[in-house]
Structure formats: C-alpha cells, structure tokens
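*Asks:* Following this message is one structure expressed as structure tokens.
The values are calculated or read from the model by the stated rules, or taken from the named source; none is laboratory data. This structure is a prediction, so every number in the text was calculated from the model and none was measured. For neighbour counting, all protein chains shown are included, and Cβ atoms are generated from backbone atoms with ideal geometry for every residue, glycine included.
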Amino acid sequence: MKLTKMLNSDRLSLSFEVFPPKTDSSFESVRNAVFEIAELKPSFMSVTYGAGGGTSKYTLQIAKDINDRFNVPSLAHLTCVSSDKTAVKKQIENIHSAGIRNIMALRGDIPESKRDEDRSLWAYNHAVELVREIRDSGYDFCIGGACYPEIHPESKDRKTDILYLKEKVDAGCDFLTTQMFFDNNLLYSFLYKIREAGITVPVIPGIMPITNGKQIKRAVQLSGSHIPQRFMALVDMFGSSPEAMLQCGIAYATDQIIDLYANGIKNVHVYSMNNPIVAQKIISNLSSVIG
Ligand code: FAD
C-alpha cells in the first residue's frame, strides 16, 4: 500500500525504522526482532539500505515480509551514490516486483575510499537524480526523501541546503523524513523555513530514543545533532545504568513525540534500531494519545 494517502490524512501515525543484519549469520535474530516490532502494527515500517553497516541485500526481503506477513506497509530505502545505473534500475524493478510501493530515495554517505575520485564520472551524485530515476521508471511509487533540521553536514549553509531540498521535492518526493534531533524547537524553526521556501509535502520528524550512554556519542557523530543540556544531564546522571537509561531515553523520546503531536505534527517516525522493547514501550506510552 502506498503511504501517500495516510501521510496526508488527519489521523496521527507512528512508524518505526529497522535495519538489515550486518552479517548473514545474524539474519534470523534480526528478522525475529523486526517481526516483533511488526506485530505491534505500527502505521508503517521503513527498512534501511546498508545504513550503519547493515547488508543491503536483505532490505528487500525484510520489507517484503513486513508487508506480506503482517499487512504493515513497508518503505524500502535505496541509496545511489556507490551504484551504477543498471544496478539501481534493477533494484527499483525488484522493489516493485516484491509488491512494495514506497521507496525512500537517498544518496547515501560517500565512502572514504571514493572521496578523492572525479565525481563527474559517477552515475549519481545526489538523491535528486535517484528520485528522477524512480519517477522515470514508470512504476507508481510513493517516494520519500531525507532532510536535515540542523542542515546536512556537507552543506555550506542552510539556504543552499533548502534550495537543493526544494529541487529534490520538485523532482517527485511525496514526503520527507528528518534526521534525528533532540530539541523540537530546531524542527519547528526548520519547518517554518522550508514552508516559506515553498516545500509543502508532509515532513515526518525522525525521533531516536537514546537508551544507553554509548549510543549518544555514535548518534551525534553520525548526525551532528545538537544535544540539549536537559538531555545531557540525564545521560550524565543515568548513562552508566542500562535499566535507568532505557527508562530515561524512552521517557525523553515520548515527551518529544507528544510535543510534536500537540503542535500539529501528524506523522512521527521512530528510529527503533531493531529493538522491540523500545517500540513496545513507546507504543504503550502513547496508546491513548494515538487512539
Ligand atoms: P542529498 O539529498 O543528495 O543531499 C546530500 C548533500 O548534497 C546535501 O548537503 C545537499 O544540500 C547537497 N545537494 C543535494 N542536491 C544537490 C545538487 N543538485 N547539487 C549540489 N549539491 C546538492 N544512508 C544509508 O546509507 N542508508 C539508508 O537507508 C539511509 N537512510 C536514511 C534515512 C533518513 C531519514 C536520513 C535523514 C538519512 C538516511 N541515510 C541513509 C543517510 C544519508 O544517506 C546521508 O545523510 C547522505 O549523506 C545524504 O543523503 P541524502 O539522500 O540526504 O542526499
């Protein structure tokens, strides 16, 4: 099922992100965790494409299982920067053949080994080219793109970042999902700026529950997100106790989500990191809020 209608409706939605296994031998355990999350019947689930070291070959299989076995719409991520046109076109075709109707079109991070290459020789330099490729495929997909409330780390300034974002949306994105952020005011200010720039598609805030002290360093390294003092105080006080940090991280994420809904945001995406406990607790905290 395409996500377009749901994302434009007045109902609140809550979705979860999972990632494929890092090794073949961890496939079963990852799949079991994903199934536990799917059993909670979120509004949809996204499956990353190789992000964080996951192997991209399982993205499609996991997304198909979520769709077929649990009747939960899935969103398959696809990156383009390290691929050639034939491989990307084939993957688009495979996603469609698997019955998946939603693609998150991403550039992907540029691998260290490719940083000094002549980029004019690459098949793809930016996600906008992938969005066009998917639209030109003739298949009727709902297409998502990534956006960055605290600007993309490679951007020279916010204005330029938003200009390129507008170009990506105009090429055919039906919605945007944000990078994680820990201060909702950053999101509200970003939304104001992109609406002013004429970007009108639904924007789904991405919320990352930080449930252990170590995770925060990695999250900040990857995203460059600002960590508010209020949250840092929690990590300083409870970061060394896994049980306490789990409670605090979920409480903080729940608080962010409730504030987003209260401020008129209809759709929220949770970076659940293949952790069914996190997904269960968040759903349970919001059971009467979502209805
Ligand atoms: P782009 O939209 O291409 O933007 C990248 C940079 O290029 C920005 O600075 C932008 O301003 C600039 N730019 C854009 N268009 C142009 C243009 N025409 N000319 C010049 N500059 C331009 N990574 C994975 O590997 N797998 C995943 O599954 C994955 N999922 C993600 C999901 C979300 C919601 C987010 C926020 C990120 C995800 N990532 C994933 C990480 C993402 O691939 C990286 O952040 C990557 O560096 C940028 O991808 P993008 O699609 O935003 O790129």
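*Asks:* Answer yes or no as to whether Val72 is touching a helix residue (DSSP H, G or I) at 6+ places or on another chain (Cβ under 7 Å) and within 20 Å of Ala146 (Cα to Cα). Steps first, answer last, please.
*Replies:* Numbers: touching a helix residue (DSSP H, G or I) at 6+ places or on another chain (Cβ under 7 Å): yes; within 20 Å of Ala146 (Cα to Cα): no.
Against the criterion (touching a helix residue (DSSP H, G or I) at 6+ places or on another chain (Cβ under 7 Å) and within 20 Å of Ala146 (Cα to Cα)), Val72 does not qualify.
*Asks:* Pick from Ala76, Ala38: which is modelled with pLDDT of 95 or more, over 24 Å from Glu112 (Cα atoms), within 13 Å of the ligand (Cβ to nearest atom) and crowded, with 20+ Cβ neighbours inside 10 Å?
*Replies:* Values: Ala38 fails: within 13 Å of the ligand (Cβ to nearest atom).
Checking each option against the conditions leaves just Ala76.
*Asks:* Additional query: Show the residue pairs that are 6+ apart or on different chains and have beta-carbon atoms under 6 Å apart, the first residue being within region 266-277 and on the phi > 0 side of the Ramachandran plot, the second being within 13 Å of the ligand (Cβ to nearest atom) and not small (Gly, Ala, Ser).
*Replies:* Hits for this filter: Asn274/Val18.
*Asks:* Suppose the filter is touching a residue at least 24 places away in the same chain (Cβ under 8 Å), within 10 Å of the ligand (Cβ to nearest atom) and either part of a helix (DSSP H, G or I) or basic (Lys, Arg) (or both); does Ala171 pass it? Talk me through it step by step, then tell me what you get.
*Replies:* Values: touching a residue at least 24 places away in the same chain (Cβ under 8 Å): yes; within 10 Å of the ligand (Cβ to nearest atom): yes; either part of a helix (DSSP H, G or I) or basic (Lys, Arg) (or both): yes.
Spelling it out, Ala171 is indeed touching a residue at least 24 places away in the same chain (Cβ under 8 Å), within 10 Å of the ligand (Cβ to nearest atom) and either part of a helix (DSSP H, G or I) or basic (Lys, Arg) (or both).
*Asks:* When the residues of region 46-73 are narrowed to those that are among the polar types (S, T, N, Q) and in a helix (DSSP H, G or I), which ends up farthest from the ligand (Cβ to nearest atom)?
*Replies:* Going through region 46-73, the residues among the polar types (S, T, N, Q) turn out to be 46, 48, 55-56, 59, 61, 67, 71.
Narrowing further to those that are in a helix (DSSP H, G or I): 56, 59, 61, 67.
Values: Ser56: 8, Thr59: 8, Gln61: 15, Asn67: 17 Å.
By that ranking, first place goes to Asn67.
*Asks:* Tally time: how many residues in region 126-149 are more than 10 Å from the ligand (Cβ to nearest atom), surrounded by fewer than 21 Cβ atoms within 10 Å (Cβ to Cβ) and assigned to a loop (DSSP other than H, G, I, E, B)?
*Replies:* Count: 4.
*Asks:* Of the residues Ser25, Ser43, Ser29, which single one is of a type in the set (Ser, Thr, Tyr), part of a loop (DSSP other than H, G, I, E, B) and surrounded by fewer than 24 Cβ atoms within 10 Å (Cβ to Cβ)? Steps first, please.
*Replies:* On the way: Ser25 fails: part of a loop (DSSP other than H, G, I, E, B); Ser29 fails: part of a loop (DSSP other than H, G, I, E, B).
So the residue among Ser25, Ser43, Ser29 that is of a type in the set (Ser, Thr, Tyr), part of a loop (DSSP other than H, G, I, E, B) and surrounded by fewer than 24 Cβ atoms within 10 Å (Cβ to Cβ) is Ser43.
So that you can scan it fast, the table gives a plain yes or no per residue for (1) modelled with pLDDT under 95; (2) among the aliphatic types (A, V, I, L, M); (3) under 19 Å from the mean Cα position of the chain (by Cα):
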site: Gly239; (1), (2), (3): yes, no, no
site: Pro242; (1), (2), (3): yes, no, no
site: Cys248; (1), (2), (3): no, no, no
site: Thr254; (1), (2), (3): no, no, yes
site: Ile257; (1), (2), (3): no, yes, yes
site: Asn263; (1), (2), (3): no, no, no
site: Gln280; (1), (2), (3): no, no, yes
site: Ile283; (1), (2), (3): no, yes, yes
site: Gly291; (1), (2), (3): yes, no, no
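*Asks:* Further question on the same structure: Hey, could you check region 79-125 for residues that are under 14 Å from Ile143 (Cα atoms) and more than 18 Å from the chain's Cα centre (by Cα) and say which is surrounded by the fewest Cβ atoms within 10 Å (Cβ to Cβ)?
*Replies:* Step one: of region 79-125, the residues under 14 Å from Ile143 (Cα atoms) are 79, 92, 95-96, 100-107.
Cutting the leftovers down to more than 18 Å from the chain's Cα centre (by Cα) gives us 92, 96.
Values: Ile92: 22, His96: 17.
Residue satisfying both the conditions and the ranking: His96.
*Asks:* Tell me, which residue of region 81-125 that is part of a helix (DSSP H, G or I), among the basic types (Lys, Arg) and within 13 Å of the ligand (Cβ to nearest atom) is farthest from Ala171 (Cα to Cα)?
*Replies:* Taking region 81-125 and keeping what is part of a helix (DSSP H, G or I), we get 85-97, 112-114, 119-121.
Still in the running and among the basic types (Lys, Arg): 85, 89-90, 114, 119.
With the extra rule that they be within 13 Å of the ligand (Cβ to nearest atom), the set shrinks to 114, 119.
Working: Lys114: 26, Arg119: 21 Å.
Among residues in region 81-125 that are part of a helix (DSSP H, G or I), among the basic types (Lys, Arg) and within 13 Å of the ligand (Cβ to nearest atom), the one farthest from Ala171 (Cα to Cα) is Lys114.
*Asks:* Confirm whether Gly206 is outside any helix (DSSP H, G or I) and either among the polar types (S, T, N, Q) or in contact (Cβ under 8 Å) with a residue 40 or more places away in the chain (or both).
*Replies:* Numbers: outside any helix (DSSP H, G or I): yes; either among the polar types (S, T, N, Q) or in contact (Cβ under 8 Å) with a residue 40 or more places away in the chain (or both): yes.
For Gly206, the condition - outside any helix (DSSP H, G or I) and either among the polar types (S, T, N, Q) or in contact (Cβ under 8 Å) with a residue 40 or more places away in the chain (or both) - is met.
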